[in-house]
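Comments concern the structure below.
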Amino acid sequence: MSLNPDNIKGRVCVVTGSARSIGLEVATRYASYGAKVYMLDYSETVLESAKALREKGWDATGKILDVTDHDAVIACFDAIVAEAGPVYALVNCAGVGGSCAFENTTPDMWQRVFSINVFGTVNCIQGAIRSMREAREGKIINFSSKTGKTGSKLMTVYGSSKGAIVILTQSLAQEYAEHNVHVNCVCPDIIRGTGMWDGTVVQTYARDLGISEEEVNAMYEKKVPLGHFATMEDVTDVVAFLTISAEDCTGQSINITGGRFMH
Ligand SMILES: NC(=O)c1ccc[n+]([C@@H]2O[C@H](COP(=O)([O-])OP(=O)(O)OC[C@H]3O[C@@H](n4cnc5c(N)ncnc54)[C@H](O)[C@@H]3O)[C@@H](O)[C@H]2O)c1
């Protein structure tokens, strides 16, 4: 299949965590390519985000869903398949983060982050996979992180959850290759303008390191060989490539780190 956005025209593409930030950017891209987009998020804002895409003349439906609720997730995907047909693409973007010194981490913290980042992803794949297998085609794109590929100070909880996503991706890619379902994940480094970095992590880093948020950003940006952070658009380009093309690519964990991490 060639690198042609029309490849997903009219196809069902589901994006979790798409009320805002990266998930919204991916949903917007899919909708602009003519896909039938379902936007799932536990924030009610997802309804407004989907409405804004419909106002551009695109096909987007917002649904309020907590990805940690297994039964609700399965019911939601069953309803999507009954209404629109098999899921072609599933992007598991819903996630939470935060930094914390290991000795201050609590069981609740570990539970919450793993419930959303790992079990939420598993639930949504369980919701979509049967329709993909029966249709003999599908693209699953999970969200890991640079922090899921290599350890980072103060990121034990988040990093461990994102490390699990890499192996989940590889295991499913092995299991579903014979059904023509491709499973890959993306591993971005810091993406500015997002709820996760600007709204959470940079603040805790600034507090813990005793410096300003701008100093934290400057310190991390200096570490990037290309000299600047990737953008939400850069991440969306990779997700779009994995969706509309990349027919020989499965089980991959693709770094989007400006060269900061290369394995
Ligand atoms: N922003 C970064 O720097 C960065 C870097 C690497 C990886 N990532 C990953 O990219 C993904 C998106 O991150 P972002 O920066 O856009 O985050 P964000 O916080 O801006 O958006 C995450 C979205 O997920 C939704 N969400 C959270 N828990 C949910 C749940 N239980 N059910 C349904 N929806 C839920 C939120 O409501 C929100 O709309 C995450 O998986 C994150 O780990 C982000």
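Worth a mention:
- Candidates Ser171, Ser145 - the one that is among the small types (Gly, Ala, Ser), surrounded by 24 or more Cβ atoms within 10 Å (Cβ to Cβ) and either more than 15 Å from the ligand (Cβ to nearest atom) or more than 16 Å from Leu90 (Cα to Cα) (or both): Ser145
- The condition (being under 30 Å from Tyr205 (Cα atoms) and in contact with a helix residue (DSSP H, G or I) (Cβ under 6 Å, 6 or more places away or on another chain)) is satisfied by just one residue among Ser49, Ser21, Ser43: Ser49.
- Gly210 being more than 16 Å from the ligand (Cβ to nearest atom) and modelled with pLDDT of 95 or more: no
- Some residue of the stretch 74-89 being closer than 30 Å to Leu209 by Cβ, of a type in the set (Val, Ile, Thr) and in contact with a Phe, Trp or Tyr (Cβ under 8 Å, 6 or more places away or on another chain): no
- One residue stands out among those in the stretch 66-84 that are over 21 Å from Thr45 (Cβ atoms) and of a type in the set (Val, Ile, Thr): the one that is nearest to the ligand (Cβ to nearest atom), which is Ile74.
- Options Ala60, Ala52: the member that is surrounded by 21 or more Cβ atoms within 10 Å (Cβ to Cβ), modelled with pLDDT of 95 or more and under 24 Å from Arg29 (Cα atoms): Ala60
- Annotation note: of Val96, Val87, Val91, the sole residue that is among the aliphatic types (A, V, I, L, M), within 12 Å of the ligand (Cβ to nearest atom) and buried (at least 21 other Cβ atoms within 10 Å of the Cβ) is Val91.
- Residue within the stretch 205-220 that is assigned to a helix (DSSP H, G or I), of a type in the set (Lys, Arg) and farther than 29 Å from Thr28 by Cα present: yes
- Criterion (under 22 Å from Val118 (Cβ atoms) and polar (S, T, N, Q)) met by exactly one of Ser43, Ser2: Ser43
The values are calculated or read from the model by the stated rules, or taken from the named source; none is laboratory data. It should be emphasised that the depicted structure is a prediction, and the values quoted were computed from it without experimental measurement. Heads up, the Cβs are rebuilt from the backbone with ideal geometry, glycines too, and the neighbour counts pull from every protein chain shown.
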